[in-house]
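Trainee: Structure below; questions to follow.
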Amino acid sequence: MSEQTIPYKIYLSEQEIPTAWYNVRADMKTKPAPLLNPGTCQPLTAEEMSGIFCEELVKQELDNDTAFIPIPQEIQDFYKMYRPAPLVRAYCLEKALDTPAKIYYKFEGNNTSGSHKLNSAIAQAYYAKKQGLKGVTTETGAGQWGTALSMACAYLGLDCKVYMVKVSYEQKPFRREVMRTYGASVVPSPSMETNVGRKILAEHPGTTGSLGCAISEAVEVAVSNPGYRYVLGSVLNQVLLHQSVIGLEAKAALDKYGVKPDIIIGCAGGGSNLGGLISPFMGEKLRGEADYRFIAVEPASCPSFTRGKFAYDFCDTGMICPLAKMYTLGSSFIPSPNHAGGLRFHGMSTVLSQLYHDGYMEAVAVEQTSVFKAAEQFARVEGILPAPESSHAIRVAIDEALKCKETGEEKTILFGLTGTGYFDLVAYQQYNDGTMTDYIPTDEDLAAGFAALPQVPGQE
Ligand SMILES: *Cc1c(COP(=O)(O)O)cnc(C)c1O
């Protein structure tokens with residue numbers, strides 16, 4: 001098929017929105033390690049998990065074998081309000097870079113929450129509602145997840161309590177107000193409302209908070225209030241499962257034009273958008289049907305894959321959550337406050353961690369000033385103001401396209417454009433003023449986090 005026939009935007013019809021999520025674990029030879037009970041160091045049972053998570057989500061969390069899990073009709077209907085998401089051919093960026101590479105991006109920012117997180121928020125809220133619960137609690141960092149969950153809870157009539165990392169609560173009052181408009185209650189974390197919050201504040205007065213602290217608080221509130229469960233916007237297997245809708249749509253759109261990407265790139269915070277984008281392609285690679293290069297992009301200031309350890313660790317700072325085997329910087333790791341680009345979580349999805357460990361995926365760490373430079377370049381030619389998180393993927397997509405310019409190779413690059421940056425203008429301001437700095441943790445900084453990794457019998 002000739003070049004010209006590929007449109008700027010490849011839309012699917014509503015009928016082509018996937019009706020089942022794809023569970024990449026079903027095709028993994030080495031399954032991700034199970035979550036462990038931090039007290040006994042034994043795999044968490046469904047019964048233990050059901051105190052924290054909704055029952056149906058527990059099933060999804062533990063299911064390593066079912067390849068396709070049907071998307072309930074109500075969730076499909078909700079998806080229709082903002083999906084299918086466009087797959088865009090970045091003709092303007094290609095031209096600006098003067099590269100022979102062909103660049104595509106899957107844009108997930110076309111909803112009020114401004115990111116892909118709504119794909120899982122609606123699923124998690126739906127299962128909570130179906131179970132007859134009153135409400136859900138969660139944490140949010142930059143605020144996209146809290147916003148997405150607030151929207152989903154408002155739609156279904158569920159109570160929503162959000163613990164927001166304090167530095168974001170203060171830097172992003174507008175996000176907070178969006179959440180409140182959708183009916184959520186928003187508390188800066190660490191707070192004096194929970195035992196774990198009070199403890200963290202006593203030990204680290206003046207802390208700007210972290211996702212790990214906020215998770216501890218949200219879990220404590222969920223397990224101590226009847227009718228409430230905790231929901232998480234990334235990292236968990238169930239979240240990757242829901243986000244597979246991104247990759248399934250992207251693949252269906254590319255298949256329409258017979259396009260096969262050589263390189264697939266995504267930013268990695270907890271791994272959900274990347275996991276979702278690559279899932280169907282990774283499935284082909286795992287089954288030996290096709291080959292792709294997958295690249296996870298993380299901030300140099302929070303380098304879980306590239307400098308972390310593959311070990312069991314807590315998902316939260318308060319050390320009350322289950323242990324997950326993942327690439328981690330240690331649950332006590334808190335990125336430097338000058339880090340503006342999101343992707344602040346200390347750990348990583350166990351699925352992606354296992355795939356990376358087994359050599360199916362690569363990872364690169366990039367500095368935030370170079371990320372914002374890529375964001376600026378992208379915004380000026382492609383029009384969309386990207387989220388700083390998404391801009392990590394843009395950075396590496398541009399770098400790979402520039403390599404093609406040197407070698408003359410016509411590679412096809414697909415990257416995930418996870419969201420928009422309208423609420424990240426404090427960070428853009430720092431970039432525009434030239435006051436943005438790069439902080440890369442030293443080996444000593446990281447050693448402190450590793451020293452606090454939990455001892456798990458049978459793990460080196
Ligand atoms: C939350 C978020 C991310 C990172 O989370 P993952 O779980 O790693 O996908 C990336 N981009 C945007 C816009 C986000 O809101």
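The values are calculated or read from the model by the stated rules, or taken from the named source; none is laboratory data. It should be emphasised that the depicted structure is a prediction, and the values quoted were computed from it without experimental measurement. Don't worry about glycine lacking a Cβ; one is built from the backbone with ideal geometry, like all the others, and counts go over all protein chains shown. The accessibility values were calculated without ligands, DNA or RNA, using every heavy atom of the protein model including side chains. Shrake-Rupley method; radii C 1.70, N 1.55, O 1.52, S 1.80 Å.
Trainee: Taking all pairs of different Cα atoms in segment 170-270, averaging 1/r and flipping that mean, what Kirkwood radius in angstroms comes out?
Mentor: Evaluated over segment 170-270, this radius sits at 17.0 Å.
Trainee: Quick one: divide the alpha-carbon radius of gyration of segment 233-288 by 2.2 N^0.38 Å and tell me what you get.
Mentor: Compactness ratio reported: 1.11.
Trainee: Average projected area of the Cα convex hull of segment 1-110, in nm²?
Mentor: Average of the hull's projected areas for segment 1-110 equals 11.3 nm².
Trainee: Let me ask something else about it. Taking 8 Å as the Cα distance limit and 6 or more residues as the minimum spacing, I'd like the relative contact order of the chain as a percentage.
Mentor: This gives 19 percent for the chain.
Trainee: With everything on Cα atoms, drop me the angle between helix 368-382 and the longest principal axis of the chain, reported from 0 to 90° to the nearest 10.
Mentor: 50
Trainee: Run through all the Cα pairs of segment 266-341 and give the fraction in each 5 Å bin from 0, expressed as whole percent.
Mentor: In whole percents, the pair-distance histogram is 3, 14, 18, 21, 19, 13, 7, 4, 1.
Trainee: Further, regarding this structure: Report, largest value first, the span of the C-alpha coordinates of the chain along each principal axis, in whole Å.
Mentor: Result for the chain: principal-axis Cα extents of 61, 48, 48 Å.
Trainee: Okay, moving on. Report the charge-dipole magnitude of segment 81-160 in Debye, nearest 20, computed about the Cα centre from +1 at each Lys and Arg Cβ and -1 at each Asp and Glu Cβ.
Mentor: 260
Trainee: Right, here's the next one. Mind checking which lysines have their C-alpha under 20 Å from K199, skipping anything on the same chain fewer than 8 residues away?
Mentor: In chain and number order, the partners are K166.
Trainee: Ignoring ligands, DNA and RNA, what percent of the accessible area of the chain is carbon or sulfur (1.4 Å)?
Mentor: Carbon plus sulfur share of accessible area: 52 percent.
Trainee: In a solvent-free Debye calculation with one equal scatterer on each Cα, what is log10 I(q)/I(0) for segment 344-460 at q = 0.15, 0.18, 0.21 Å⁻¹, listed in the order of the q values?
Mentor: Evaluating at q = 0.15, 0.18, 0.21 Å⁻¹ gives log10 I(q)/I(0) of -0.89, -1.12, -1.29.
Trainee: Report the percentage of all Cα-Cα pairs in segment 44-186 whose separation exceeds 18 Å, rounded to a whole percent.
Mentor: Roughly 64 percent, once rounded to a whole number.
Trainee: Using only Cα atoms, what Kirkwood radius does segment 197-342 have, in angstroms?
Mentor: Computed over segment 197-342, the radius equals 17.3 Å.
Trainee: Would you kindly state how much longer the chain becomes between E14 and Y439 on full extension, computed as 0.36 nm times their sequence separation minus their alpha carbon distance, in nm to one decimal?
Mentor: 148.6 nm
Trainee: Okay, moving on. Explain nothing, just compute: Karplus ³J(HN,Hα) = 6.51 cos²θ - 1.76 cosθ + 1.60, θ = phi - 60°, for every residue of segment 148-156 in order, whole Hz, x for Gly and Pro.
Mentor: With the stated coefficients, segment 148-156 comes to 4, 5, 4, 5, 5, 5, 4, 4, 9 Hz.
Trainee: Continuing with this model, one more query. Taking the Cβ of V58 as the center, what net charge do the other residues with Cβ under 11 Å away carry, scoring Lys and Arg +1 and Asp and Glu -1?
Mentor: -4
Trainee: Another question, if that's okay. Amide H to amide H, which residues 5 or more places from T420 or on other chains are under 5 Å from it, using H placed in the peptide plane?
Mentor: A387
Trainee: Considering only DSSP beta bridges whose two residues both sit in the chain, what percent are antiparallel, to the nearest 5?
Mentor: 35
Trainee: If you build the convex hull over the alpha carbons only and average its shadow over all orientations, what do you get for segment 116-242? Give it in nm² to one decimal.
Mentor: Reported value for the Cα convex hull: 7.0 nm².
Trainee: Specify the inter-centroid distance of segment 369-384 and segment 54-77, based on alpha-carbon positions, in whole Å.
Mentor: Segment 369-384 and segment 54-77 have Cα centres separated by 36 Å.
Trainee: Quick check: the distance between the Cα centres of segment 419-441 and segment 313-363, to the nearest angstrom?
Mentor: What the calculation gives is 22 Å, centre to centre.
Trainee: Continuing with the same structure: Order of 57-64, 211-218, 288-295 by packing, highest average Cβ count within 10 Å first?
Mentor: 211-218, 57-64, 288-295
Trainee: For the charge dipole of the chain, defined by +1 on Lys and Arg C-beta atoms and -1 on Asp and Glu C-beta atoms about the Cα centroid, which residue among L286, I263, T5 has the Cα displaced farthest towards the positive pole?
Mentor: T5
Trainee: Mind putting a number on the dipole of the chain about its Cα centre? Charges go on the C-beta only, +1 for Lys and Arg and -1 for Asp and Glu, and I need it in Debye to the nearest 20.
Mentor: So the magnitude is around 680 debye.
Trainee: So, one more: Strictly under 4.7 angstrom between C-beta atoms: which cysteines of the chain have no such partner?
Mentor: Isolated Cys, the chain: C41, C54, C92, C213, C267, C302, C404.
Trainee: Over the Cα atoms of segment 71-132, each weighted equally, I'd like the Debye log10 I(q)/I(0) at q = 0.13, 0.15 Å⁻¹, rounded to two decimals.
Mentor: Values, matching the q order: -0.49, -0.59.
Trainee: By how many degrees, between 0 and 90 and to the nearest 10, does the Cα long axis of helix 388-407 differ from the longest principal axis of the chain?
Mentor: Helix 388-407 and the main axis of the chain meet at about 30 degrees.
Trainee: Divide by every residue of the chain the summed helix terms, -39500 (n - 2.57) for each DSSP H run of at least 4, and state the resulting mean residue ellipticity at 222 nm, rounded to the nearest 500 deg cm²/dmol.
Mentor: -12500 deg cm²/dmol
Trainee: What are the aspartates and glutamates whose alpha-carbon lies under 13 Å from the alpha-carbon of K285, with same-chain residues fewer than 8 places away excluded?
Mentor: D27, D262, D358
Trainee: A further question on this structure: For segment 265-335, what is the accessible area per residue in Å², given a 1.4 Å probe and the full set of protein chains?
Mentor: 22
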